[in-house]
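Heads up, the thing below is written out as structure tokens.
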Amino acid sequence: MNINVNVKRCLIGAMLLAMLAPAAIAAPQDGKPTTDRDAAIAEKWIAAWNSHSPEKMLPVFTSDVFYEDVAFSEVSHGSAELRKFAASEFEGVPDLELKLVRANIHGGHGTIEWIFSGTDKGVFNTGKKFSVRGVSVIDVRDGKISRSLDFYDSGTIMRQVGVLPTPPTDAK
């Protein structure tokens, strides 16, 4: 009878270890919960864009960053090209604002969902306001973004600033 009790205790102990071990192995080494680190990276990315300063943006990214604005086929390799791209964005949309919707970053990969709004001063030169939802697919290395692909609907911006016609709505 004592053997059965000991076997049960061993089995329960083994099951507990099996359940807890993956969480311990996957736990971040700096002791912070992953969600705090994810939020910090996303918040730094948002703050960098909202700074309107290419120099304040660069510390968020690795020096060999690959940054692509997919909607406009703009590709930047490295800090110098990213600085130039950011400066053109700040010039084209001087009141550029990004709002964080959600971040989901795990194991060095993830997404940052955002809303991008501002006034078109130098992209299409209309002087009109726009707002569009988007997502950045990112890779993180050593706490910095090493790759960022921005996806959003440029047609939405173009319709809002009057470059494209607004599609007709069905009258019912």
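The values are calculated or read from the model by the stated rules, or taken from the named source; none is laboratory data. Since the model is a prediction, treat every value here as computed from it, not as a measurement. Here the Cβ is made from the backbone with ideal geometry for all residues, glycine too, and neighbour counts use every protein chain on show. Protein only, heavy atoms only, side chains kept; ligands, DNA and RNA dropped before computing areas. Shrake-Rupley method; radii C 1.70, N 1.55, O 1.52, S 1.80 Å.
Points worth noting:
- Checklist (1) open to solvent by less than 30 Å² (accessible area, probe 1.4 Å); (2) in contact with a helix residue (DSSP H, G or I) (Cβ under 9 Å, 6 or more places away or on another chain); (3) over 22 Å from Ile41 (Cβ atoms) applied to Ala86, failing item: (3)
- Residue pairs whose Cβ atoms lie under 6 Å apart, sitting 6 or more positions apart in sequence or on different chains, and linking a residue in the stretch 147-172 that is free of Cβ contacts under 8 Å to residues at least 40 places away in the same chain and open to solvent by 80 Å² or more (accessible area, probe 1.4 Å) to a partner that is in a helix (DSSP H, G or I) and among the basic types (Lys, Arg), are Thr166/Arg159.
- Test: residue in the stretch 114-122 that is crowded, with 19+ Cβ neighbours inside 10 Å and either out of contact with any strand residue (DSSP E or B) (no Cβ under 9 Å at 6 or more places or on another chain) or under 21 Å from Asp38 (Cα atoms) (or both): yes
- In the stretch 135-146, residue nearest to Glu91 (Cα to Cα) [restricted to those that are in contact (Cβ under 8 Å) with a residue 40 or more places away in the chain and assigned to a strand (DSSP E or B)]: Ser136
- Matching entry among Val140, Val123, Val132 (being β-branched (Val, Ile, Thr) and out of contact with any Gly (no Cβ under 6 Å at 6 or more places or on another chain)): Val132
- Close pairs (7 angstrom Cβ cut-off, 6 or more residues apart or separate chains): in contact (Cβ under 8 Å) with a residue 60 or more places away in the chain in the stretch 52-76, of a type in the set (D, E, K, R) and in a helix (DSSP H, G or I) anywhere: Val60/Lys44
- So Asp150, is it over 12 Å from the mean Cα position of the chain (by Cα) and either of a type outside the set (A, V, I, L, M) or farther than 16 Å from Ile46 by Cα (or both): no
- Close pairs (7 angstrom Cβ cut-off, 6 or more residues apart or separate chains): touching a residue at least 40 places away in the same chain (Cβ under 8 Å) in the stretch 78-93, among the acidic types (Asp, Glu) anywhere: none
- Candidates in the stretch 67-126 are the residues that are under 23 Å from Val140 (Cα atoms) and in a loop (DSSP other than H, G, I, E, B); of these, the one that is modelled with the lowest pLDDT is Gly107.
- Single residue of Ala48, Ala40 found to be farther than 25 Å from Gln160 by Cβ and without any contact (Cβ under 8 Å) to a residue 24 or more places away in the chain: Ala40
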